[in-house]
Amino acid sequence: MSASTKEQRFQTMMLPHLDSAFNLARWLARSHQDAEDIVQEAYLRAFKFFDSFHGEDGRAWLLGIVRNTFYTWYQQNKAQARNTQFEEELHSVQIEDAAAVQYADNNPEALLIQKDSQRQLHKALEALSVEFREVMVMRELEDLSYKQIAGIIGIPIGTVMSRLGRGRKQLAEILVTTNRVHDGS
């Protein structure tokens, strides 16, 4: 494959997944700047090995590279990664879908409640260990199938389902505890 054909095919198949790659890296690394570095390195690796890609699902292939790049980065920066603080403004979800807009209805109280709920959910998700957080992000935020997640992580589908179940349970427990503290119970 010629260099220009490779570049054009790569841009067509991989660049549309830049947001997904960044989202996964940001949740795993817990840092906007580190996520940018991880995604940049992942795209360089993906381009370097693009000739070996023969599948249809470029998104899953790329997210696998992002995940592996994160773990390489994490091993190199383990001490620093433990001390990285959650960056609230990076993980804030903007009201985008019609149901949320209709629910909020520009009511300041409803908007405040929704914003607080999102903040609590993001803090709870961030509190999960990386093995649960990565499957939760891939399934719930990136809408990947169990099969795709299993392929990316290199674990059986049953393990993906188990981690999702355990991650959801831990997430619910964190939220209940947070609400009890928040409500003063």
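The values are calculated or read from the model by the stated rules, or taken from the named source; none is laboratory data. Not measured: the values here are computed from a predicted model. Using ideal geometry, Cβ is built from the backbone for each residue, glycine included, and neighbour counts are taken over all protein chains shown. Remember, those area values only see protein heavy atoms, side chains included, never the ligands or the DNA or RNA. Shrake-Rupley method; radii C 1.70, N 1.55, O 1.52, S 1.80 Å.
Please compute the modelled spin-label separation between Lys123 and Asn68, points set 7 Å along Cα→Cβ, answer in nm with one decimal.
Placing both labels 7 Å along Cα→Cβ, they lie 3.7 nm apart.
Can you tell me the length gained on complete extension of the stretch Gln33 to Ser4, counting 0.36 nm per residue apart and subtracting the Cα distance?
7.4 nm
Which value in nm describes the separation of the simple spin-label points at Lys147 and Asp19, placed 7 Å from the Cα toward the beta carbon?
Result for the modelled spin labels: 2.5 nm.
Got a number for the accessible area of Glu7? Probe 1.4 Å, square angstrom, nearest 10.
90
If you take the square roots of the eigenvalues of the alpha-carbon gyration tensor of segment 1-76 and sort them as a ≥ b ≥ c, do you get rounded (a/c under 1.5), prolate (a/b over b/c) or oblate?
Prolate is the answer for segment 1-76, as a/c is 1.5 or above and a/b outweighs b/c.
Could you check the spin-label model distance between Ala172 and Gln40? Points 7 Å from the Cα along Cα→Cβ, value in nm.
Placing both labels 7 Å along Cα→Cβ, they lie 4.2 nm apart.
Please give the charge dipole size of segment 1-76, origin at the Cα centre, charges +1 on K and R Cβ atoms and -1 on D and E Cβ atoms. Round to the nearest 20 debye.
Its charge dipole is roughly 80 debye.
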